[in-house]
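In what follows, a structure is listed as structure tokens, so that the remarks can point back to it.
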Ligand code: HEM
């Protein structure tokens, strides 16, 4: 009896592995080589222009890919606007609202690609390529993006609220949120290294700098308090501070050095180096920028593989914010 259950379980496991491989196999770096050979260079031009106008856009585009992939997979669901009664936009979810950016840059890239090959390249692939090009544009790693994702016809504000991490998360919550998407604790730390670029609003770290400040560097606390008043109102909530105070526009390993000096901006940053199981990863990356960058590239490729729609699933949207 026990043997039979075991063999059924094994068969199931094999089928799951095969299915997983089959889905992955459909993403390929050469997917548009014949159908739209200029897709990648067209996207790159748009992203380079956008980042040279505003360096922060690189950070926003890296984050956009993350917030897309963690919510029902890398399917561009995050780009859909409200369209009652079917679509309730993920843009209104707590981790995204007044926070996620870069939509207009993706729209520009999509418009440019549609001009050269209409109806061929998905918005989900454009988001994935944009994240890679954005990273590279500010000194981060580049990587080979697998392509062939298709776009969803649905969005889920419910999953956006439940699956994306929050600045107030403790270490165990972060580890389990990432493990739910197939990432190890180390990969969670690696990916958090994206906070070496970009900005955060006062509302996301006010509690940390005015609460129990025992795990924060004192000088750092007072600097951060100047940029984020304790008085809670809309204007103050929106005030921006760089996640990495030292080199906010360069993709380097300073984020990890900051954590060791108790200069993490978000609670979710500092918990990665607070006497817990992930301290050793932070130490390693603080000493070795090359390892960080290559691990980051590998983890981003893995992120891009989360539940893509492939084959005849989903659609190729004509514009990224609405279904055709
Ligand atoms: C580990 C859990 C994470 C938490 C709790 C978290 C939370 C946050 C928060 C609260 C902000 C500031 C948003 C705002 O104030 O509007 C932020 C910004 C950012 N996050 Fe994360 N994040 C996490 C992981 C990641 C990952 C995995 C990536 C990408 C691989 C990423 C990339 C970014 C970037 C680049 C910014 C700056 C965006 C900009 O300036 O527009 N984060 N994150």
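Since every read-out is calculated from the coordinates, none of them should be taken as a lab result. Note that the coordinates shown come from a computational prediction; the quantities given were computed from them, not determined experimentally. Cβ: placed from backbone, ideal geometry, glycine included. Neighbour counts: every protein chain shown.
Tabulated data
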| quantity | calculated |
| --- | --- |
| Three-way shape call for region 260-324 based on the alpha-carbon gyration tensor, with the a/c threshold at 1.5 | prolate |
| Selected from 86, 190, 42 as most flexible by GNM, with the chain as the system and alpha-carbon contacts under 10 Å | 86 |
| Relative contact order computed over region 165-324 (Cα-Cα under 8 Å; 6+ residues apart), in percent | 28 |
| Pairwise label distance in nanometres, residue 41 with residue 210, each label 7 Å out on the Cα-Cβ vector | 5.4 |
| Value of relative contact order over the chain, rounded to a whole percent, pairs C-alpha under 8 Å and six or more apart | 25 |
| Gyration tensor (alpha-carbon) shape descriptor, region 235-288, a/c threshold 1.5 | oblate |
| Length added when fully stretched, residue 239-residue 221, from 0.36 nm per residue minus Cα-Cα | 4.9 nm |
| Highest-MSF residue in the chain out of 186, 238, 263 [GNM, Cα springs under 10 Å] | 238 |
| For 67, 195, order by how many other beta-carbon atoms lie within 10 Å, fewest first | 67, 195 |
| Between helix 123-137 and the chain: long-axis angle, C-alpha atoms, 0 to 90°, nearest 10 | 40 |
| Residues residue 103 and residue 230, FRET efficiency given R0 of 30 Å [Cβ-Cβ distance, rounded to 0.05] | 0.40 |
| Likely footprinting exposure, 153, 291, fewest C-beta neighbours within 10 Å first | 291, 153 |
| Helix axis angle, 2-26 relative to the chain longest principal axis, alpha carbon, degrees | 90 |
| Helix 218-227 vs. the chain, principal-axis angle (Cα, 0 to 90°, nearest 10) | 70 |
| Length added when fully stretched, residue 287-residue 154, from 0.36 nm per residue minus Cα-Cα | 43.6 nm |
| Cα-based shape type of region 63-191, given that a ≥ b ≥ c are square roots of the gyration tensor eigenvalues and the cut on a/c is 1.5 | oblate |
